[in-house]
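Novice: One structure, pasted below without further comment.
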Amino acid sequence: MTDEKSINRAISGGIIWLTGLSGSGKSTIATHLCKTLIQANLKVEILDGDQIRTWLSPGLGFTKADRDLNVQRVGIVANLLSRNGILVIVAMISPYRAIRNHLKATTHNFVEIFINAPLEVCEMRDPKGLYAQARAGDMQGFTGMNDPYEIPLQPDLICHTADETIAESVSKIIQTLSDRSLIPNLDHQ
């Protein structure tokens, strides 16, 4: 049995960065992962890309510069929280490799997780109807369709959400966090 002191905190905080196409499962996995970590009495916060755009970056558009600035802002907030012992789950497309790599190199305990689902699967899921709008020509600069998504070359973990259940993906993430000593081993609680 793990002592209560180690259960009540993340070992040193960390940023769990979920990147992938719209509809790949980032927000769903983030929600389930958060619930699991909270049940283990860990300090957790979710920064969701859609909410951040609405509240932290409402004036930004979808140019590469604006997208990079949005990701950078989220990285700064996540790093502040992480340095104070909080596990921060970031769920955002963050389409450009260079800004993700910059964050990985400059932030506290950054774990990049590629939420990998084929474009066809994301289009089929299309929870917000965005792919349909992009296909109809009503939306320009949509990531994965007429704007690039640069897949991570060396992510810390890949979740294949077309082939894995949510529970399987969350379990893989928990194991990765435990292996990196960012959380206690949750199997022995």
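Novice: Subtracting the Cα-Cα distance from 0.36 nm times the residue separation, let me have the gained length for residue 126 to residue 62 in nm, one decimal.
Specialist: Stretched fully, the residue 126-residue 62 segment lengthens by 21.1 nm.
Novice: Here's a follow-up. Taking only the Cα atoms of region 82-187, how large is their convex hull per residue, in Å³?
Specialist: Dividing the Cα hull volume of region 82-187 by its residues yields 123 Å³.
Novice: Moving on to the next point. Rounded to the nearest 20 debye, what is the charge dipole size of the chain about its Cα centre when +1 sits on each Lys and Arg Cβ and -1 on each Asp and Glu Cβ?
Specialist: That gives the chain a dipole magnitude of about 520 debye.
Novice: By the scheme Lys and Arg +1, Asp and Glu -1, what is the net charge of all other residues having a beta-carbon under 15 Å from that of residue 80?
Specialist: Net charge around residue 80: +2.
Novice: Shifting gears a bit: Along each of its three principal axes, how wide is the spread of alpha-carbon positions in the chain, in whole angstrom units, largest first?
Specialist: 57, 32, 28
Novice: Now, a different point. Per the helix-only calculation at 222 nm, which mean residue ellipticity applies to the chain, given -39500 (n - 2.57) for every DSSP H run of n ≥ 4 and division by its residues, nearest 500 deg cm²/dmol?
Specialist: Rounded to the nearest 500, it is -13000 deg cm²/dmol.
Novice: If we count trypsin sites (Lys or Arg not before Pro) as exposed when they sit in a DSSP loop and have at most 15 other beta carbons within 10 Å, what is the longest stretch of the chain that avoids them all?
Specialist: Here the longest run is 1-127.
Novice: Among the complete DSSP H segments of the chain, which ones combine at least 27 Å of alpha-carbon extent along their axis with a mean Kyte-Doolittle hydropathy of -1.0 or more?
Specialist: Result, helices passing both filters: 64-83.
Novice: Roughly to the nearest percent, how much of the accessible area of the chain is carbon and sulfur, given a 1.4 Å probe?
Specialist: Exposed carbon and sulfur together represent 53 percent of the surface.
Novice: Three principal axis extents, largest first, for the C-alpha atoms of region 67-127, in Å?
Specialist: Over region 67-127, Cα extents along the principal axes are 39, 22, 16 Å.
Novice: Which lysines have a Cα lying under 22 Å from the Cα of residue 26, excluding residues fewer than 8 positions away in the same chain?
Specialist: 35, 43, 64, 104, 128, 172
The values are calculated or read from the model by the stated rules, or taken from the named source; none is laboratory data. What you see is a predicted model; the values in this text were computed from it and never measured. Here the Cβ is made from the backbone with ideal geometry for all residues, glycine too, and neighbour counts use every protein chain on show. All accessible areas refer to the heavy atoms of the entire protein, side chains included, with ligands and DNA or RNA removed. Shrake-Rupley method; radii C 1.70, N 1.55, O 1.52, S 1.80 Å.
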